[in-house]
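Novice: One structure, pasted below without further comment.
The values are calculated or read from the model by the stated rules, or taken from the named source; none is laboratory data. In this text, all values refer to a predicted model and were calculated from it rather than measured experimentally. So basically every Cβ, Gly included, is an ideal-geometry build from the backbone, and we count neighbours across all protein chains shown. We work out accessible area using only protein heavy atoms, side chains counted, and drop any ligands, DNA or RNA first. Shrake-Rupley method; radii C 1.70, N 1.55, O 1.52, S 1.80 Å.
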Amino acid sequence: MSYSETVEQAISNIKQQTVLMQRSLNNKKLMDALKYTSTMLTELRNPKLLPKQYYELYIQIFDSLTILSAYLVENHSNGHHLAALYELVQYAGNVVPRLYLMITVGTSYLKIPNSPREEILRDMIEMCRGVQNPIRGLFLRYYLSQRTKQLLLPIEQKDSIEFNSQFIITNFIEMNKLWVRLQHQGPLRERDQRTKERKELQILVGSQLVRLSQIVDDNLTLYEEEILPILLEQIVQCRDVVCQEYLYDVICQVFPDEFHLKTLDALLDTSLQLNMEVSVTKIILTLCERLNGYIERIRQNQSEDNDQNPIKEDILERFWKHLLKLNDERPDLSIQELSGIILSIMNLSLIWYPTNIQNLNKLFGLVTQKCKDFGEERTQDSESFMVKLLTAHDLDGVKNYKKYFFDIITQCDSFQDLLSIQNSLSQMDVLTLIINCFLGNDTDKKSESQILISTKTQLERFLIILEPMITIKTLTPPPDKNTNEIKEYNAQLSREYLLSVHQEKLAKMCHFLIQNIDKTQFKTVESQLELLLMIKNVYHKGGKNIRFTYPTIVTNFWRMIRKCNIFKVKIPKRKQYYENLMKQIFKYISRCINDMFNNCGNVCMDLIYKLNLQSAALADQLSLVEISYDFFSEAFSVFEESLSDSRTQFQALIFMAQTLQKTRSLYKEDYYNQLIVRTTLHGSKLLKKEDQCRAVYVCSHLWWATEISSIGEEEGETTNFVRDGKRVLECLQRSLRAADSRMDNVESCELMVEILNVCLYYFVHGDEQTTHVGISYINGLIELIKNNLKSLRLEGEQRISEMNVNNGDSNNVNNSANGSIANKDKYVMGLDGTYIKLRNINNSSSAHIDFKIKDMNINDMIQIPVEHFDRTCEYIINQRDIDNRFKMVEL
Amino acid sequence: MSTRKKNILKVIILGDSGVGKTSLMHRYVNDKYSQQYKATIGADFLTKEVNIDSDKVATMQVWDTAGQERFQSLGVAFYRGADCCVLVYDVTNTKSFQNIKSWRDEFLVHANVSTPETFPFVLLGNKIDTDDSKKVVTNKAAQELAASLGNIPLFFTSAKTAINVDTAFQEIARSALQQNQNDADSFEDDFNDAINIQLDNDTNSCSC
């Protein structure tokens, strides 16, 4: 008898033989049935079958043999005595079919009461030695194990558990040998193929351990003293990587987890004796996960009020000792592997002992030592592992990352040590992740997630952790071989960008730290101020970087000053104290601004100017006259010495005017007058005429203070502020001169319309005697504008007729003639002289802002002052309804 | 046709890792339950003699399978010849419920059943004994799923406290027996003619 060529043929042959077998059984022809069975079993002798194919045929045959077995049991008493049959099948010609038949008959016999069970079982397992081909042997022994499953010695029988476990262990040992031997069969070049086949066959071996686990049930003594030692011995002795990794995994998975807790030492110690190529990481991970599952299940079943750990043993201590041993005996272990193991143990610690941070400290310490031992030899790969380790990447033991990082930072010295020896790229990765976590939204509002800084030491530790990010100069991106200029330029840009991103995080972190100060520990403003100064001093180490971070510090100083003011008002007897404190804080601010000035040079003059002005405004609001004046004068010196760009100068002056206009305390001395005269003078000396014009008409408001309702000023009631119409008019005159002398006609007209608007403002806000801006002045101005617009239009028409001659295209002519109407784009001019292009797209308008629009049509440009004037006229006409004076304005 | 012998019914239990497949089988076959969690490797079965509708007897082979794919390295050839497939999810685990459909599809792809439309499935929502607060799969969702899978029977069970386990397996046995008989009939029908010639030859050559 021989086997089929292909699997398909084999399958159909087995089907046929099964039908024939069933027929024979129906006709009570057992011998025929056995013959057909034997024929189908021949298929299992095919040496070319791959494991999965073999399994398919095996399953099919298993089902057929089940039918045969049922018949045998039923007919045992009708002439087919199973003992005789057991002898009979021994005569089958080939060893594989013979043994399958023998096991089928033997196990059927086992179902008969009073059969010699022990004898049959011993005989069957002994006979299985006859097949030494790995695949066939493995499946045969798997068959033996499946068939005997419910038929081993009954539990009531004496020593049955010992016998049964011995039976399975013997089978397991033999299967393991066959399985390992498969690796060494065939030519060396097929080694990978062998490994693949072995990995497929592994469940046959693993299933034996499942059977053992069922026999052992909850008998820990049996497991600990008899079974586990044998299993571990087998695992160690075979020296085979695939086997060792797999069986460790299976032992962890199939035996109860409380067993592992009791036999942890044996499991850990044995893992040291494994083949060097075995992944220790994987083994520890599996074990840790199993133990984690255990504790979580126990906690779930525990009553809720009992928070105690139900397990007394310190399992972490055991893992720790193991780790030290491992580190000792296996100096070859790479950082990746070690950090993988440590990550698993960290998770274990977090789940078993959530409050014990010192465990983690020890673990970080060990990695730090290992990193130092390896020195510079670390690879890029190991860096990424370090980042994972330092950020506790994806650990289910971390229930709340904010809380976790807070604990780690404030309690783990070794965490900081480990972070400090990483390269700056990794440090930035870790810190970015940590800061993002702190700045992220709180999803659960439970009190335990609330992080409070309650001691100075905690803040110190935070700042130490952040230091690498504070002091970083530029980030060195990974070297690129074909660097050219453009790439170098781009790299430079991205470095700048990265720097600003990191520094922005630091700035936000400062807010975070200040907001999370434990107010019960730091009750007074002074004590909180101390913490802020600590942050400031560390951030100061950033050198040029402070231009990104100091504004936040200054902002927090402002906030504290306002707090002081509240207390000053609330507690009159401490008035002097708070006043002094405020003065003190203003000095700190001044120091900060000076630091920025000294460290950053010209890069942030604009920023320094603005910080001075805002501090001045704050001091003014708190009636700290001298301080306010000092900041204003600082702002002026920055303006005079360092702001050289004409556009920045213009903006700076407008900002100055806005700030000054709202001040009140400076009236007391002559400070206000000094400052506004100086501002206006600067305005009139700006480089461009149009800037002069606008700056000066804005400055005219400095002589015409308006009521600020938030400080209680009311229109008509309040009189004690600066209003000097003569000066206002002087400003407007100066403005008009500048507008008139502007050579660009369009801009000149536009500026005049703007001045007209300012005039109307004063006209509305006061009578002629006080503002000195009267009807005749306005009418004169309107007259001037009209004349100018007329000549402007003339210029425009001339241009169009020129274009017509040149072009001759009638369509184009029409378009251009009706330019402003047909063209959808509309232009206006901003108050800083920018052109703003308004686009109407489906009723939603979008604006494009530019200083000069190159391809702008002259007619479009003319339309700017024309339309602005039209709008102004419309306003005047509307005003006539409510204010009779407007009727005298001649349009 | 000869008188029918005792039938062997093959039942496959499928579902995610940890939903309680092994526990359900043990509760049904041995009426035992263990708190311990042990993974299953490959496929493992237990047999039980069953009475169906008080007049039929059959041997039920209950195949418990590994929910974790890595413990199924030889493939799932044992799906073949199944008479009923039991899909189990954990009422406290949404993922296990969402995966039910893919378990069913996986079964149909590999089991090679003759008529997938009528093949019997039974849906079990296990761990029904747990606190209501921990249950995340609603009964309504389960009923909708059962309906969408072709109105298959649905039971809420607990292997731990033995709720509904026997009732469910009675239904499983009934469905399996029905399927087994349908299959056997159609099998005999298309096999008879094809095989006769060979059968004759065989008897001839062997009659010596």
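Novice: Report whether or not A:V19 is surrounded by fewer than 22 Cβ atoms within 10 Å (Cβ to Cβ) and either acidic (D, E) or in contact (Cβ under 8 Å) with a residue 12 or more places away in the chain (or both).
Specialist: Considered against the rule, which asks whether it is surrounded by fewer than 22 Cβ atoms within 10 Å (Cβ to Cβ) and either acidic (D, E) or in contact (Cβ under 8 Å) with a residue 12 or more places away in the chain (or both), A:V19 comes out as no.
Novice: Next question, about the same structure. Out of the residues in the range A:684-717 that are in a loop (DSSP other than H, G, I, E, B) and open to solvent by 90 Å² or more (accessible area, probe 1.4 Å), state the one that is nearest to A:T834 (Cα to Cα).
Specialist: A:L687
Novice: Hey, another quick one. Which ones in the range A:542-558 are modelled with pLDDT of 95 or more and open to solvent by 10 Å² or more (accessible area, probe 1.4 Å)?
Specialist: Correct list: A:P551, A:T552, A:T555, A:W558.
Novice: Considering A:V89, A:V19, A:V95, which residue is in the same structural domain as A:D123 (by TED's automatic domain parsing) and touching a Gly at 6+ places or on another chain (Cβ under 6 Å)?
Specialist: Values: A:V89 fails: touching a Gly at 6+ places or on another chain (Cβ under 6 Å); A:V19 fails: touching a Gly at 6+ places or on another chain (Cβ under 6 Å).
None of the others qualify; the one that does is A:V95.
Novice: Give me a count of the residues in the range A:49-64 that are facing chain B (nearest Cβ under 8 Å) and over 27 Å from A:Q193 (Cα atoms).
Specialist: 1
Novice: Okay, moving on. Residues of the range B:2-53 being facing another protein chain (nearest Cβ under 10 Å) and in a strand (DSSP E or B), which ones?
Specialist: If the condition is that a residue be facing another protein chain (nearest Cβ under 10 Å) and in a strand (DSSP E or B), then B:N7, B:I8, B:K10, B:A43, B:D44, B:F45, B:L46, B:T47, B:K48 are the ones that fit.
Novice: Still on this model: Going through the range A:216-271 one residue at a time, which ones are open to solvent by 30 Å² or more (accessible area, probe 1.4 Å) and among the charged types (D, E, K, R)?
Specialist: A:D217, A:D218, A:E224, A:E225, A:E226, A:E233, A:R239, A:E245, A:E258, A:K262, A:D265, A:D269
Novice: Looking at this structure, is B:K135 within 28 Å of A:V250 (Cβ to Cβ), more than 9 Å from chain A (Cβ to nearest Cβ) and of a type outside the set (A, V, I, L, M, F, W, C)?
Specialist: Values: within 28 Å of A:V250 (Cβ to Cβ): no; more than 9 Å from chain A (Cβ to nearest Cβ): yes; of a type outside the set (A, V, I, L, M, F, W, C): yes.
It is false that B:K135 is within 28 Å of A:V250 (Cβ to Cβ), more than 9 Å from chain A (Cβ to nearest Cβ) and of a type outside the set (A, V, I, L, M, F, W, C).
Novice: Do you know which residues across the range A:29-43 are charged (D, E, K, R) and either crowded, with 23+ Cβ neighbours inside 10 Å or more than 10 Å from chain B (Cβ to nearest Cβ) (or both)?
Specialist: Once the filter is applied, which keeps residues that are charged (D, E, K, R) and either crowded, with 23+ Cβ neighbours inside 10 Å or more than 10 Å from chain B (Cβ to nearest Cβ) (or both), the range A:29-43 yields A:K29, A:E43.
Novice: Within the range A:345-383, how many residues are open to solvent by 60 Å² or more (accessible area, probe 1.4 Å) and in a helix (DSSP H, G or I)?
Specialist: Number of matching residues: 9.
Novice: If I filter the range A:183-215 down to residues being small (G, A, S) and at the interface with chain B (Cβ under 10 Å from one of its Cβ atoms), which single residue comes out as surrounded by the most Cβ atoms within 10 Å (Cβ to Cβ)?
Specialist: We begin by selecting, within the range A:183-215, every residue small (G, A, S); these are A:186, A:206-207, A:213.
When the remaining residues are screened for being at the interface with chain B (Cβ under 10 Å from one of its Cβ atoms), the result is A:206-207, A:213.
Values: A:G206: 26, A:S207: 24, A:S213: 23.
Among them, the one singled out is A:G206.
Novice: Quick check on my filter: what residues within the range A:292-301 are more than 9 Å from chain B (Cβ to nearest Cβ) and under 29 Å from the mean Cα position of the chain (by Cα)?
Specialist: A:N292, A:E296 - these are the residues of the range A:292-301 that are more than 9 Å from chain B (Cβ to nearest Cβ) and under 29 Å from the mean Cα position of the chain (by Cα).
Novice: Sticking with this structure for a sec: Return only the number of the condition from (1) of a type in the set (V, I, T); (2) surrounded by 16 or more Cβ atoms within 10 Å (Cβ to Cβ); (3) without any contact (Cβ under 8 Å) to a residue 24 or more places away in the chain that A:I517 does not satisfy.
Specialist: It is condition (3) that A:I517 fails.
Novice: For the range A:232-279, what are the residues that are of a type in the set (S, T, N, Q), under 18 Å from B:A39 (Cβ atoms) and more than 12 Å from chain B (Cβ to nearest Cβ)?
Specialist: The answer is A:T263, and nothing else.
Novice: Further question on the same structure: What number of residues within the range B:62-91 satisfy the criterion of being open to solvent by 10 Å² or more (accessible area, probe 1.4 Å) and at the interface with chain A (Cβ under 10 Å from one of its Cβ atoms)?
Specialist: 9
Novice: Another question about this same structure. Is there any pair linking a residue in the range A:301-317 that is open to solvent by 60 Å² or more (accessible area, probe 1.4 Å) to one that is at pLDDT 70 or above and assigned to a loop (DSSP other than H, G, I, E, B), with Cβ under 8 Å and at least six apart or on different chains, and which?
Specialist: Going by the 8 Å Cβ cut-off, the qualifying pairs are A:N301/B:Q35.
Novice: So A:N46 fits all but one of (1) on the phi > 0 side of the Ramachandran plot; (2) more than 11 Å from chain B (Cβ to nearest Cβ); what number is the exception?
Specialist: (1)
Novice: Considering each of A:I169, A:I155 in turn, give the residue that is touching a residue at least 60 places away in the same chain (Cβ under 8 Å) and surrounded by fewer than 22 Cβ atoms within 10 Å (Cβ to Cβ).
Specialist: Details: A:I155 fails: touching a residue at least 60 places away in the same chain (Cβ under 8 Å).
After ruling out the rest, the residue left standing is A:I169.
Novice: Just checking, which of A:A83, A:A70 is modelled with pLDDT under 95, assigned to a helix (DSSP H, G or I) and farther than 22 Å from A:N26 by Cβ?
Specialist: A:A83
Novice: Sticking with this one: Before we move on, is A:L287 buried (at least 21 other Cβ atoms within 10 Å of the Cβ), in contact with a Leu (Cβ under 9 Å, 6 or more places away or on another chain) and more than 11 Å from chain B (Cβ to nearest Cβ)? Steps first, please.
Specialist: Numbers: buried (at least 21 other Cβ atoms within 10 Å of the Cβ): yes; in contact with a Leu (Cβ under 9 Å, 6 or more places away or on another chain): yes; more than 11 Å from chain B (Cβ to nearest Cβ): yes.
Yes: the conditions hold for A:L287.
Residue by residue, here is whether (1) in contact with a Gly (Cβ under 8 Å, 6 or more places away or on another chain); (2) farther than 20 Å from B:N7 by Cβ holds:
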residue: B:D44; (1), (2): no, yes
residue: B:E49; (1), (2): no, no
residue: B:A66; (1), (2): yes, yes
residue: B:Y79; (1), (2): no, no
residue: B:N93; (1), (2): yes, yes
residue: B:S114; (1), (2): no, no
residue: B:F119; (1), (2): no, no
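Novice: Another question about this same structure. Being of a type in the set (V, I, T) and either assigned to a loop (DSSP other than H, G, I, E, B) or open to solvent by 60 Å² or more (accessible area, probe 1.4 Å) (or both) is the filter here; which residues of the range B:116-173 pass it?
Specialist: Filtering the range B:116-173 down to residues of a type in the set (V, I, T) leaves B:118, B:122, B:128, B:130, B:136-138, B:152, B:157, B:161, B:163, B:165, B:167, B:172.
Hits for the range B:116-173 are B:T118, B:I128, B:T130, B:V136, B:V137, B:T138, B:I152, B:T157, B:T161, B:I163, B:T167.
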